[in-house]
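Following: one structure in structure tokens, then a few remarks.
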Amino acid sequence: MASDNSFIVKITAPDRLFYSGNADMIELTTTEGQIGVYKGHIPLTAVIAPGTVRIYETEGQVKSAALISGFVEILQDKVEILAEDILWPDEIDVKRAEEAKIRAERRIAEKATDTNLARAELALKKAVVRIETVKGE
């Protein structure tokens, strides 16, 4: 049952409706930093940066997912995320994420002139977010 402080959260991924439900709060990372949203938040549209999205459902459950990229639209009674890349913890291959982290760290440390440093740093951040989401950090 939705509380008076709840609002609608809808997360759409390219291949599915990822999440739809009521929440009392949602936390996510934008290019401007981490934000927490409650009902009545000022309207805002933002670009998502890699981070863990946490949905505090009205029943007291907290759901977390690795949200890598996309856009968020925040209205007073609704948050809609158009995610380009998002995964539940059980969908993440931790071994693959750890290998990607090692590769990215190696590319950054080598400082080769042909390495796209920004791309390597983004790959590192994505891998870290996936690992942290699984570990619940």
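Worth pointing out:
- Degrees between helix 117-135 axis and first principal axis of the chain (Cα, 0 to 90, nearest 10): 50
- Over the chain, the fraction of Cα-Cα pairs per 10 Å bin, rounded to whole percents and listed from the shortest bin up, is 12, 39, 31, 13, 4, 0.
- The residues of segment 1-105 have, on average, 55 Å² of accessible surface per residue, using a 1.4 Å probe with all protein chains present.
- Share of Cα-Cα pairs in segment 49-122 lying beyond 18 Å, as whole percent: 56
- Measuring spread by the Cα atoms of segment 94-137 yields a radius of gyration and Dmax of 10.9, 36 Å.
- Low-density loop cleavage sites - trypsin sites (Lys or Arg not before Pro) in segment 33-137, where at most 10 other Cβ are within 10 Å (DSSP): 111
- Note on segment 1-46: along the principal axes its Cα atoms extend 30, 27, 15 Å, ordered by decreasing extent.
- Segment 5-106: GluC sites (Glu not before Pro) in DSSP loop, at most 13 other beta carbons within 10 Å: 32, 59
- Reciprocal of mean inverse Cα separation for segment 1-78 (Kirkwood radius, Å): 12.6
- Carbon-plus-sulfur accessible fraction, the chain (probe radius 1.4 Å, protein heavy atoms only): 50%.
- Degrees separating the helix 94-110 axis from the principal Cα axis of the chain, which is the longest one: 50
The values are calculated or read from the model by the stated rules, or taken from the named source; none is laboratory data. Since the model is a prediction, treat every value here as computed from it, not as a measurement. Heads up, the Cβs are rebuilt from the backbone with ideal geometry, glycines too, and the neighbour counts pull from every protein chain shown. Protein only, heavy atoms only, side chains kept; ligands, DNA and RNA dropped before computing areas. Shrake-Rupley method; radii C 1.70, N 1.55, O 1.52, S 1.80 Å.
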